[in-house]
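Report on one structure; see the data block that follows.
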Amino acid sequence: MKLAFSTLGVPGLPLPDVLRLATAHGYHGVELRAHPEEPVHPGLGSAERADVAAEFKGSGVEILGLAGYARVAAPGDDEPVLAEIRSLLDLARDLGAPYIRVFPGGDLDVQTPEEADATAARRLGTAAEYANDLGVRILLETHDSHRTAADAMRVLGLVGHRQVGALWDVMHTWLGGEQPSETYAALSPHLGYVQVKDIASAEDTTPLPLGAGVLPLAECVEVLSRHGWDGWLCWEYEKRWYESAPELPGLLKAGHEHLNRLLNDSA
């Protein structure tokens with residue numbers, strides 16, 4: 001498996017500094033938070049996009065994916081959501097990124113689960129054709145209204161398109177009560193990559209160094225290894241939402257070592 005970290009952990013950090021951190025600590029790739037607060041987002045012009053792609057190529061670090069914020073199950077008109085997805089797909093194509101991340105974002109106060117599923121599947125099915133033309137894959141994250149693999153699979157089963165897959169966020173499936181073996185069994189035919197992290201408890205989701213909390217990271221890695229999965233593990237350290245959390249750069253070395261220990265133990 002290859003290791004990456006998300007720029008959610010280093011909010012607003014200039015790209016050259018992000019790449020220096022990745023190379024210094026042995027990370028193969030970076031997941032880019034694609035938001036206007038960040039250096040890389042859909043508002044970049046063509047020259048800026050070319051510069052970003054060149055910086056990554058020159059560093060030897062891969063762009064794992066673009067973490068976007070489109071909410072595919074959200075109530076409302078389809079077109080604004082589809083336009084947001086298309087803009088992310090265009091950016092991914094221009095940067096050479098294989099994946100974009102989308103959220104479910106259903107509102108079960110005003111939708112039934114069936115309505116949320118159908119809305120997400122309709123939009124993802126439409127976007128899948130555009131994604132196919134660009135050679136980029138859309139990944140639905142286990143998150144918010146669809147936090148378990150079982151939830152996500154209700155949508156992915158309706159879509160049935162190879163360009164639409166799943167992003168496994170280990171915190172959300174754990175909070176949803178799924179065991180790693182259950183999550184993997186459901187998502188494995190669709191799995192793009194896995195986001196790892198750690199927290200103190202279900203009540204306190206402040207990010208912790210990997211291995212310092214309660215999430216079943218060892219079990220997740222063991223399940224993946226046992227099935228011969230050789231994709232990406234991406235550390236999503238949610239510094240942007242928890243300003244008091246320790247700075248990620250000082251944790252990256254130990255985080256890399258922890259993940260390597262888990263990989264070695266599971267081999």
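Please list, ordered by first then second residue, the pairs with beta carbon atoms under 6 Å, 6 or more apart or interchain, first in region 159-188 and open to solvent by 40 Å² or more (accessible area, probe 1.4 Å), second in a helix (DSSP H, G or I) and not β-branched (Val, Ile, Thr).
Between residues of region 159-188 that are open to solvent by 40 Å² or more (accessible area, probe 1.4 Å) and residues that are in a helix (DSSP H, G or I) and not β-branched (Val, Ile, Thr), the close pairs are His161/Ala128.
Can you tell me which of Glu79, Glu84, Glu62 is open to solvent by 30 Å² or more (accessible area, probe 1.4 Å), among the charged types (D, E, K, R) and under 18 Å from Gly192 (Cα atoms)?
Being open to solvent by 30 Å² or more (accessible area, probe 1.4 Å), among the charged types (D, E, K, R) and under 18 Å from Gly192 (Cα atoms) holds for just one of Glu79, Glu84, Glu62, which is Glu62.
Could you please let me know if Thr142 is buried (at least 18 other Cβ atoms within 10 Å of the Cβ), β-branched (Val, Ile, Thr) and under 18 Å from the mean Cα position of the chain (by Cα)?
Considered against the rule, which asks whether it is buried (at least 18 other Cβ atoms within 10 Å of the Cβ), β-branched (Val, Ile, Thr) and under 18 Å from the mean Cα position of the chain (by Cα), Thr142 comes out as yes.
Checking Ala127 against (1) under 22 Å from Leu156 (Cβ atoms); (2) not in a helix (DSSP H, G or I): exactly one of these is not met. Which one?
(2)
Surrounded by 16 or more Cβ atoms within 10 Å (Cβ to Cβ) and either free of Cβ contacts under 8 Å to residues at least 24 places away in the same chain or assigned to a strand (DSSP E or B) (or both): which single residue out of Leu8, Leu3 fits that description?
Unique residue meeting the criteria: Leu3.
Restricting attention to region 217-248, which residues are farther than 17 Å from Val194 by Cβ, open to solvent by 50 Å² or more (accessible area, probe 1.4 Å) and assigned to a helix (DSSP H, G or I)?
Arg240, Trp241
For region 204-215, does any single residue satisfy the condition of being in a strand (DSSP E or B), more than 20 Å from Lys2 (Cβ to Cβ) and either touching a residue at least 24 places away in the same chain (Cβ under 8 Å) or open to solvent by 30 Å² or more (accessible area, probe 1.4 Å) (or both)?
yes
Can you give me the number of residues within region 25-49 that are in contact (Cβ under 8 Å) with a residue 12 or more places away in the chain and part of a helix (DSSP H, G or I)?
Qualifying residue count, region 25-49: 3.
The values are calculated or read from the model by the stated rules, or taken from the named source; none is laboratory data. These numbers come from a predicted model, not from an experiment. So basically every Cβ, Gly included, is an ideal-geometry build from the backbone, and we count neighbours across all protein chains shown. These area figures cover heavy atoms from the full protein model, side chains too; ligands, DNA and RNA do not enter into them. Shrake-Rupley method; radii C 1.70, N 1.55, O 1.52, S 1.80 Å.
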